[in-house]
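S.K.: This structure is in structure tokens; I'll ask about it shortly.
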Amino acid sequence: MTERKPIEYWLSDMDGVLVHEGRPVPGADEFVRRLARSGRPFLVLTNNSIYTRRDLSARLAALGLTVPAESIWTSALATARFLADQRPEGSAYVIGEAGLTTALHEADFVLTDIDPDYVVLGETRTYSFSQITRAIRLIEGGARFVATNPDPVGPSPEGSLPACGAVAAMITRATGVEPYFVGKPNPLMMRTALNVVGGHSECTAMVGDRMDTDIVAGVEAGLETILVLTGVTRKEEIERFPFRPSRVVPSIADLIDLIDA
């Protein structure tokens, strides 16, 4: 393999890496503290588009993890940046919550159901059949279809919930129109994150718990990829994939000493 430069910039997934089932992963607090002390730029990435980054920062703080809002990057923010680049001051019909609507407002988008440029689908705790119907009719009328992420299910205390990818599939089935997914594993999410921290691919690491989103996105963006085994992907599953992470470690705790290396 090509010799990589020392890690100067860190990108990390949130669920399965820093937190798991509503609790911090052992060592995550020290990992975050060490990064803050080192002064190395870092960003926590999540496909969750429900919350604003201030909301997520507060939720992490309640678990004992001090992550400033500006060190969080969501699929909602990446989607808003993508749309603002594509069609400045455009319009969108949005199915989603504050994380997505706030990001689009801050990107100078108008949110409307009257002849919008885009239908933008994100995460919400309660998908409305009437909203989905409206989205289908707008797409049939010519609106472009964008979704924040392809995740088909999300976790809840009671079990799996249908998520953005599953609802997008329903809309696609009804319209014949595939959405453009902005979040992981789209490397666009990684490139916008790199722009936020001012990083370079040859000296940036992506830490994740999923081979099919975090690791493949990091590989396609040219980053060093580190798989932790505290989330979705099990060690015995790694060989099933045609790509490999740069490193595999039991948990985020095993990366603390790398920060000062």
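S.K.: Mind checking which of V216, V182, V196 has the largest fluctuation in a GNM of the chain, springs on alpha carbons under 10 Å?
M.R.: In this elastic network of the chain, the residue with the biggest mean-square fluctuation among V216, V182, V196 is V196.
S.K.: In degrees, nearest 10, range 0 to 90: what is the angle between the Cα axis of helix 164-175 and the longest Cα principal axis of the chain?
M.R.: Long axis of 164-175 versus the principal axis of the chain: about 30 degrees.
S.K.: Give a quick list of chymotrypsin sites (Phe, Trp or Tyr not before Pro) in region 3-45 that DSSP marks as loop, anything other than H, G, I, E or B, with at most 10 other Cβ atoms within 10 Å. Don't skip to the end; give the middle numbers.
M.R.: Working: sites: Y9, W10, F31, F42; in loops: none.
Filter output for region 3-45: empty list.
S.K.: Per residue, how much accessible area does region 87-181 have with a 1.4 Å probe, in Å²? Walk me through the numbers before you get to the answer.
M.R.: Values: 4890 Å² over 95 residues.
With the other protein chains kept in place, region 87-181 gives 51 Å² per residue.
S.K.: Quick one: accessible surface of K184, probe radius 1.4 Å, all protein chains present, in square angstrom to the nearest 10.
M.R.: Accessible surface of K184 is approximately 10 Å².
S.K.: Quantify, in whole percent, the carbon and sulfur part of the accessible surface of region 1-122 (1.4 Å probe; protein heavy atoms only). Show your work: numbers first, answer last.
M.R.: Working: 2720 of 5740 Å².
Using a 1.4 Å probe with all protein chains present, region 1-122 comes out at 47 percent carbon and sulfur.
S.K.: Return the distance in nm (one decimal) between the two label points of a simple spin-label model at E239 and V153, each offset 7 Å from Cα along Cα→Cβ.
M.R.: 2.7
S.K.: Provide the descending list of Cα extents for region 87-181 along its principal axes, expressed in whole angstroms.
M.R.: Per principal axis, max minus min of the Cα coordinates gives 39, 30, 22 Å.
S.K.: Related question: Along Cα→Cβ, 7 Å out, is where each label goes; now give me the distance between the ones at T126 and A98 in nm to one decimal.
M.R.: Label-label distance for T126 and A98, simple model: 1.6 nm.
S.K.: Mind giving me the nanometre distance, one decimal, between the label points for L229 and R33, set 7 Å out from Cα along Cα→Cβ?
M.R.: Label-label distance for L229 and R33, simple model: 2.7 nm.
S.K.: Using a 1.4 angstrom probe and counting only protein chains, how large is the accessible area of R210 in Å², to 10?
M.R.: Taking all protein chains as shown, R210 has close to 80 Å².
S.K.: When the Kirkwood radius is taken over all Cα pairs of region 1-142, what Stokes-Einstein diffusion coefficient follows at 25 °C and 0.890 mPa s, in µm²/s?
M.R.: Numbers: Rh = 16.8 Å.
Approximately 146 µm²/s, per Stokes-Einstein.
S.K.: Given R₀ = 22 Å, FRET efficiency for A58-D254 by Cβ-Cβ distance, to 0.05? Working shown, then result.
M.R.: Details: r = 28 Å, r/R0 = 1.26.
Efficiency computed from Cβ-Cβ geometry: 0.20.
S.K.: Measure nothing fancy, just the Cα-based angle from helix 129-140's long axis to the longest principal axis of the chain, in degrees from 0 to 90, nearest 10.
M.R.: 80
S.K.: Let me ask you something else. Using the reciprocal of the averaged 1/r over all distinct C-alpha pairs, how large is the Kirkwood radius of the chain in Å? Please report the intermediate quantities before stating the final value.
M.R.: Details: mean 1/r = 0.0533 Å⁻¹.
That comes to 18.8 Å for the chain.
S.K.: Return the calculated 222 nm mean residue ellipticity for the chain, to the nearest 500 deg cm²/dmol, obtained by summing -39500 (n - 2.57) across DSSP H runs with n ≥ 4 and dividing by the residue count.
M.R.: -9500 deg cm²/dmol
S.K.: List the GluC sites (Glu not before Pro) in region 63-165 that DSSP assigns to loop (not H, G, I, E or B) and whose Cβ has at most 10 other Cβ atoms within 10 Å. Which are they?
M.R.: On the way: sites: E70, E89, E97, E106, E123, E140, E158; in loops: E89, E97, E123, E158.
For GluC sites (Glu not before Pro) across region 63-165 that sit outside H, G, I, E and B with at most 10 neighbouring Cβ atoms in 10 Å, the list reads E89, E158.
The values are calculated or read from the model by the stated rules, or taken from the named source; none is laboratory data. In this text, all values refer to a predicted model and were calculated from it rather than measured experimentally. Cβ atoms come from the backbone with ideal geometry, glycine included; neighbour counts cover every protein chain shown. In case anyone asks, the SASA skips ligands and DNA or RNA and just uses the protein heavy atoms, side chains included. Shrake-Rupley method; radii C 1.70, N 1.55, O 1.52, S 1.80 Å.
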